[in-house]
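*Asks:* Structure provided below as structure tokens; questions to follow.
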Amino acid sequence: MNINLSFLQDLLTHVGNRARHQVGLGPSQSGSEHPLARLTDNCHRLTESSGEASRIMIAQRALEDYQTLNDDERRAFFQLLADEYAANEDGIHAAYAAYRESPDNACLENLFSACEPKRQSLLRRLNLCPGGTYEIVRMRADLLKVIKEHPELKPLDADFAHLFASWFNRGFLMLEAIDWNTPAAVLEKIIRYEAVHAIQDWSDLRGRLDPEDRRCYAFFHPAIGDEPLIFVEVALCKGAPDNIQHLLANSGQTTEREADTAVFYSISNCQAGLKGISFGNFLIKQVVQELQRELPNLSRFVTLSPVPGFSQWLSKAREDEALEVSDLLAEQLAQGDWVEQDDVRQKMAPELRALAAHYLVNVKHRSGQPLDPVARFHLGNGASLHRLNWPGDTSHNGLKQAHGLMVNYLYEPHRIEQNHEAFSRNDNVVCSSDVKKEARQGANTLEKDKRAVEKDTKRIAKKDAKPSARELEASDERSDERSQTS
């Protein structure tokens, strides 16, 4: 790596220890007081303290105490931050009244200051100590684990996200190439954080980093040392690949000179506490620039991406009777026999591809964007939906999430901004003509199913409807005739 982040982290720790020494305080003492009580007290002291050296010491002790808390105690601490470190309501009203009387910049600044929760200032001061940034990121990861069951903590999470948007903006991120010579401590984290296609062992990792046709890049932040924020794995190929198993099994088969396509086949976010902080768009665009400079013969940049929501959507749509699928497709998706049977796959392919294209192009999230999260990510970055690949991933996870479907998203450097604008303004899904055609076929199939359901509903309703008085009278007459005949 170009920058020795471990050395920088050690230097910051040394500065922190010097600060302790300057104020005459050593390491925190365990004592008999409960860690949560000490943490609460230190947070109060931290907001009151004015000396820089003492703030660093108090912040470090507070974070050390936080690490000793159990889950219930951490939840209690989050509740304390949400309740006791909120903005002062009376202060907001007073500042707003002053601004209405005199709407100048000074009053506006006072209003902004009054609206800011006290916990934002507290988190900034906790960030002063060595390693504080990483510990606060981990703290938010703990918060995210409990926030679903405790929605009252959402304002606290908004404060974390607000601060992280500044602390982790693009200007602080460092792009580093990861290869087989990267320090082992970082390589171990790459194995651990890989979230798309699991790395089995060191040999598997070497196959992804060492060959001539493989690359890996990661973003780092100077305040958190050798912890990667996000990384992308790249394969250099001749043409766009359509199957991940084949891609992973054939590393080292293409020379740099032969390759015309760079394939982004795995993007993994590493820090759960940074959820919602976007790094991927910066990462891909910068890696494209790096590869163009290094290998000018590359003419195409694509992904080989999963479709993690397809299986769930298809199942739900069938359960809700929003669509019907053929008996063959339903049976094979349930049993999975198609994986080993070429003739069965060929019969299934047109229907499954049409449904998949419809899902990616037409099925929307409540935001108005595509329901599939990976589609939202790449289309939002300025890519276009280039090609459906089925079967593209026959791993257990690939079958479970998407019935083996994978997608190529195409990044064309001269069209990235144009595509991004079309998507961000109008939610336009830019896609190839082949995908458009398949999406129309899928939509037409669903429309036929809808009309058939409506027709059946009307027929059943008509059959079950209460007969009119005239129909009852005619029925009685026929009944009388049958009685007289018998």
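*Asks:* Quick check, is residue 191 free of Cβ contacts under 8 Å to residues at least 40 places away in the same chain and of a type in the set (Val, Ile, Thr)?
*Replies:* So residue 191 fits the description; yes.
*Asks:* Of the residues in segment 238-255, how many are surrounded by 13 or more Cβ atoms within 10 Å (Cβ to Cβ) and either in a loop (DSSP other than H, G, I, E, B) or in contact with a strand residue (DSSP E or B) (Cβ under 7 Å, 6 or more places away or on another chain) (or both)? Steps first, answer last, please.
*Replies:* Restricting attention to segment 238-255, the residues satisfying the condition of being surrounded by 13 or more Cβ atoms within 10 Å (Cβ to Cβ) are 238, 240-245, 247-248, 250-251, 253-254.
The next check asks that each one be either in a loop (DSSP other than H, G, I, E, B) or in contact with a strand residue (DSSP E or B) (Cβ under 7 Å, 6 or more places away or on another chain) (or both); those that pass are 238, 240-244, 247, 250-251, 253-254.
Here the count works out to 11.
*Asks:* Name the helices (runs of 4 or more DSSP H) wholly inside segment 388-486 in which the number of residues that are modelled with pLDDT of 50 or more, buried (at least 16 other Cβ atoms within 10 Å of the Cβ) and not basic (Lys, Arg) is 1 or more. Step through it out loud before you land on a result.
*Replies:* Working: elements: 396-402, 416-426, 433-464, 469-485.
So the answer is 396-402, 416-426, 433-464.
*Asks:* Inspect all residues belonging to segment 246-255 and state whether any of them is hydroxyl-bearing (Ser, Thr, Tyr), within 20 Å of residue 294 (Cβ to Cβ) and under 27 Å from the mean Cα position of the chain (by Cα).
*Replies:* no
*Asks:* Against the definition (closer than 26 Å to residue 412 by Cα and either surrounded by 15 or more Cβ atoms within 10 Å (Cβ to Cβ) or without any contact (Cβ under 8 Å) to a residue 60 or more places away in the chain (or both)), how does residue 318 come out, yes or no?
*Replies:* The answer is no for residue 318.
*Asks:* Would you mind stating whether residue 229 is in contact with a helix residue (DSSP H, G or I) (Cβ under 9 Å, 6 or more places away or on another chain), farther than 30 Å from residue 133 by Cα and either aromatic (Phe, Trp, Tyr) or at pLDDT 95 or above (or both)?
*Replies:* Here the answer is no, as residue 229 does not meet what is asked.
*Asks:* Now, a different point. How many residues does segment 132-155 hold that are surrounded by 17 or more Cβ atoms within 10 Å (Cβ to Cβ) and more than 18 Å from the chain's Cα centre (by Cα)?
*Replies:* Total satisfying the criteria: 7.
*Asks:* Now, a different point. Here are some residues: 165, 97, 86. Which one is of a type in the set (Gly, Ala, Ser) and either farther than 30 Å from residue 53 by Cβ or surrounded by 15 or more Cβ atoms within 10 Å (Cβ to Cβ) (or both)?
*Replies:* Within the list 165, 97, 86, the selection yields 97.
*Asks:* Does any residue in segment 62-80 that is touching a residue at least 40 places away in the same chain (Cβ under 8 Å) come within less than 8 Å, Cβ to Cβ, of a residue that is surrounded by fewer than 16 Cβ atoms within 10 Å (Cβ to Cβ) and assigned to a loop (DSSP other than H, G, I, E, B) six or more places away or on a different chain, and which pairs are these?
*Replies:* Cβ pairs passing all conditions: 75/150; 78/150; 79/150.
*Asks:* May I pose another question? Do you know which residues across segment 154-180 are without any contact (Cβ under 8 Å) to a residue 24 or more places away in the chain and more than 17 Å from residue 219 (Cα to Cα)?
*Replies:* Listed by number, the residues that qualify are 154, 157, 158.
*Asks:* Please specify each residue of segment 141-191 satisfying the condition of being β-branched (Val, Ile, Thr) and either in contact with a strand residue (DSSP E or B) (Cβ under 7 Å, 6 or more places away or on another chain) or under 19 Å from residue 227 (Cβ atoms) (or both).
*Replies:* 178, 182, 186, 190, 191
*Asks:* May I ask you to list the residues in segment 194-217 that are without any contact (Cβ under 8 Å) to a residue 60 or more places away in the chain and either in a strand (DSSP E or B) or of a type in the set (Lys, Arg) (or both)?
*Replies:* 206, 208, 214, 216
The values are calculated or read from the model by the stated rules, or taken from the named source; none is laboratory data. Since this is a predicted model, take the numbers as computed values, not measurements. A quick note on method: Cβ atoms are made from the backbone with ideal geometry, for glycine too, and the neighbour counts reach across all protein chains shown.
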